[in-house]
Structure formats: C-alpha cells, structure tokens
Amino acid sequence: MIIDCHGHYTTSPRQHEAWRGEQIEAHKAGKPLPPRPPITDDEIRQSIDGGQLKVQRERGTDLTIFSPRAAGMGHHLGDATTSEAWASACNELIHRVCSLFPKNFIGVAMLPQSARVSPKNCIAEIDRCVNEYGFVGVNLNPDPSGGHWQDPPLGDRYWYPVYEKMVEYDIPAMIHVSMSCNPTHHTTGAHYLNGDTAGFNQLMNSSVFKDFPAIKFIIPHGGGAVPYHWGRYRGLAQDAKLGLLSELMLNNVFFDTCVYHLPGQELLAKVVPIDNILFASEMIGAVRGIDPETDHHYDDTKRYIDQLPLSAADKAKIFEGNARRVYGRLSAIIEKQFAR
Ligand SMILES: [Zn+2]
C-alpha cells in the first residue's frame, strides 16, 4: 500500500470557504455568526472524484491522510469562538469525505487555535475527532498569528496540554503553519518552510522528548531547510550538549517527502534516517504545475522516491511501514474503514 501522509481538502465545495468569509465578516461587524450552508454528499463526491481521488489513481497511490486546507485554517482571523466553529466545520467535512471514500482517505484534524489563546481550548476538538471521527492525527500550527510568531516556542509548557492528548491517543502532530498575514513571508514560498524549520529547531532545543518519550511529530515539506542544513543542526546539538542529533530525534521526529525535485529527495534520503521519512505529496496543493525538465507534475513525488537508489524494503518503509508506525491508530482505522 502507498500511503500519502500529507493531503488537504483544497477542492472543497465553494460554499464551505464562502461561509468562512461570511463568518469573519460577521465577527468584524459584531453580528451573530451565520448558519452553516448545506453541502450535499454529491457535491463532496464531485469535488473528490475530479480532484484528489483522480490524482491518486493517476499516480498509483492508495490512501491519503487527509486534513482541512492548511492555508485556510487562518488562525490569525477572528477569535477563539470563530476558530472553534471553523475547525468544527472543516473537520466534519473531512469526516464526511472519509465516510464516502473509506478506502482512500483517513482523517487528520485541524485545531481551533488562535494567537495567544492557550491551546487547552483544542482538547475538546481533539477528543471529538479521535473518538467520533476516527482521525489519526492533528495539524499543530506553531504560529497561529500567521507570520508574526506571538506564541511561545513548541518546547514551552504552554503546548503541553496538546502533547498530553497526543500521547494519550497515540496520535502524531504535523507541525503545519497556515496562511501568512505578514507580507514579508509568502505563505507557501517562505512561511511554510520557515514554520517547518523553526518548529524543528524549537523542539530540538527543548525537553519535550524527555517529558514525552513516545510523542511523535512530522515536519512537513521535507523538513523545510533542516535536511539541507543537517550539519548545522548536528553541530548546534553538539555545542549545546544535546547528544547526537539522529539519536535525539530518532523516535520522535519524522520528515515527509513533499519535496518537488529529485535532487531534494536524494538529499533527504541521504541525510535523514530512512526510518524517519514518510511518503507524502500534498497534491493539489501549493505547486500545481508541470516541471518542463521532467514533463511531470512537480508534486508527483512518488516518481522521485521510485528513482532513489534504495532497497525495496527501505522504499516500503517510506511508502507504508513508517506511516503505520508513526500514526499509531492508522492500521486499526484502515482495517475498520476497509471493512465498510
Ligand atoms: Zn500541507
């Protein structure tokens, strides 16, 4: 099985995102939040059939670990109340996709975060998504301010309520920022990669892995700048007497393969232990074009993994085995959803 651990519902029916716009306008005007629009199963089917499912089939992947659109999370907009209503609507929609296509999608939750609001307010949504929806992970935004970094670093106890839940449920968090509202940080060209890099570095310099030995984080987009600068981080870890970087991270930090050219994948597979790499494409995402150098989509990342000089056993780890290990509930949910 080929499991893509990083997909977002970027093709959701139009009225879903339109409602978000109305919701934020109402909040600004001090008016009550508008009721959620009806979305039919057929509208969801259409959006998936012609979208992510089509691409899965074309590229020969089997299952996508699927979450709400990341840039759409917009944790800097509105307040804790609007974030809660929006996260709830987005997660419910993901649950509906997974119910309609149980063999192709398994859910991951976005959290109702807001800048400078304790992430304690995310616990109820995590409970609901795991217990009622069968979701297998969460996306944790290290910068709910959208590019202004107003919350404490991920090593701070501020985040521990979420970490306690992650360990309790055996669900990993993908460290994933949302839209940038800081014009100096382009959302997908800078802010995402900054978020990945900063998130890794914050965790590396913390006692999170000592306090939560079983906790697991996925750093998306190939780990931002981290693999390219592996020597820098190894050296920083050494200077700070943190021990060997590979040992420090081995059980707790994983990198996905959302890297959109072969040389980048080669580097990732060369410097990061194979056990810490999870296949992902984030397809129908940030980069949708075709690479004139290969005549294939930039985000068709399976092609790059296929070309790596790795054993079949190692590729199987990247494509499936590591995901089943990192998402502790995944195998059970696959069995449950496939039995439908
Ligand atoms: Zn993403």
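For region 1-28, the set of residues classified as under 21 Å from A89 (Cα atoms), more than 16 Å from the ligand (Cβ to nearest atom) and either in contact (Cβ under 8 Å) with a residue 60 or more places away in the chain or assigned to a loop (DSSP other than H, G, I, E, B) (or both) consists of P13, H16, W19, R20, Q23, listed by residue number. Taking A237 as the residue in question, decide whether it is open to solvent by less than 40 Å² (accessible area, probe 1.4 Å) and in contact with a Pro (Cβ under 8 Å, 6 or more places away or on another chain). The answer is no for A237. In region 92-106, the residues that are under 17 Å from D127 (Cα atoms) reach residues that are β-branched (V, I, T) with C-beta atoms within less than 6 angstrom, at least six apart or across chains, in these pairs: I106/I65; I106/V136; I106/I333.
Of the residues A87, A80, A124, the single one that is out of contact with any Lys or Arg (no Cβ under 6 Å at 6 or more places or on another chain), open to solvent by less than 20 Å² (accessible area, probe 1.4 Å) and either of a type in the set (D, E) or modelled with pLDDT of 95 or more (or both) is A87.
Checking each residue in region 44-77 for being free of Cβ contacts under 8 Å to residues at least 40 places away in the same chain and either surrounded by fewer than 19 Cβ atoms within 10 Å (Cβ to Cβ) or among the aromatic types (F, W, Y) (or both) picks out Q46, D49, G50, K54, R57, E58. When every residue of region 194-215 is checked against the conditions, none turns out to be part of a helix (DSSP H, G or I), within 16 Å of the ligand (Cβ to nearest atom), in contact (Cβ under 8 Å) with a residue 40 or more places away in the chain and among the hydroxyl-bearing types (S, T, Y). Only one of the numbered conditions (1) within 16 Å of the ligand (Cβ to nearest atom); (2) open to solvent by 40 Å² or more (accessible area, probe 1.4 Å); (3) small (G, A, S) is violated by A323, and that is (2). One residue stands out among those in region 189-208 that are small (G, A, S) and over 17 Å from the mean Cα position of the chain (by Cα): the one that is least open to solvent (accessible area, probe 1.4 Å), which is S206.
Is there a residue being of a type outside the set (V, I, T) and at pLDDT below 95 anywhere in region 12-29? The answer is no, given that none of the residues of region 12-29 is of a type outside the set (V, I, T) and at pLDDT below 95. If you go through region 166-184 and keep only what is part of a loop (DSSP other than H, G, I, E, B) and away from the ligand (no atom under 16 Å from the Cβ), you end up with D170, I171, C181, N182, P183, T184. Any residue at all in region 42-54 that's among the hydroxyl-bearing types (S, T, Y) and not in a helix (DSSP H, G or I)? Checked region 42-54: no residue is among the hydroxyl-bearing types (S, T, Y) and not in a helix (DSSP H, G or I).
Has region 283-306 got any residue that is open to solvent by 40 Å² or more (accessible area, probe 1.4 Å), closer than 27 Å to F212 by Cα and either in a loop (DSSP other than H, G, I, E, B) or within 16 Å of the ligand (Cβ to nearest atom) (or both)? No: region 283-306 contains no residue that is open to solvent by 40 Å² or more (accessible area, probe 1.4 Å), closer than 27 Å to F212 by Cα and either in a loop (DSSP other than H, G, I, E, B) or within 16 Å of the ligand (Cβ to nearest atom) (or both).
A quick yes/no check of all residues on (1) farther than 24 Å from S207 by Cβ; (2) buried (at least 20 other Cβ atoms within 10 Å of the Cβ):
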site: S114; (1), (2): yes, yes
site: K120; (1), (2): no, no
site: P142; (1), (2): no, yes
site: R157; (1), (2): no, no
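Of the candidates K317, K270, the single residue that is modelled with pLDDT of 95 or more and over 16 Å from I3 (Cβ atoms) is K270. Taken over region 248-282, the criterion of being over 13 Å from Y304 (Cβ atoms) and within 16 Å of the ligand (Cβ to nearest atom) is satisfied by F254, F255, L278, E282.
P38 falls short on exactly one of the conditions (1) in contact with a Ser or Thr (Cβ under 7 Å, 6 or more places away or on another chain); (2) away from the ligand (no atom under 15 Å from the Cβ); (3) farther than 24 Å from D127 by Cα, and that condition is (1).
The values are calculated or read from the model by the stated rules, or taken from the named source; none is laboratory data. Everything numeric in this text was worked out from a predicted model, so none of it was measured. Because the Cβ atoms are built from the backbone with ideal geometry, glycine has one as well, and the counts that use them run over all protein chains shown. Ligands, DNA and RNA are excluded from the accessible area calculation, which covers all protein heavy atoms including side chains. Shrake-Rupley method; radii C 1.70, N 1.55, O 1.52, S 1.80 Å.
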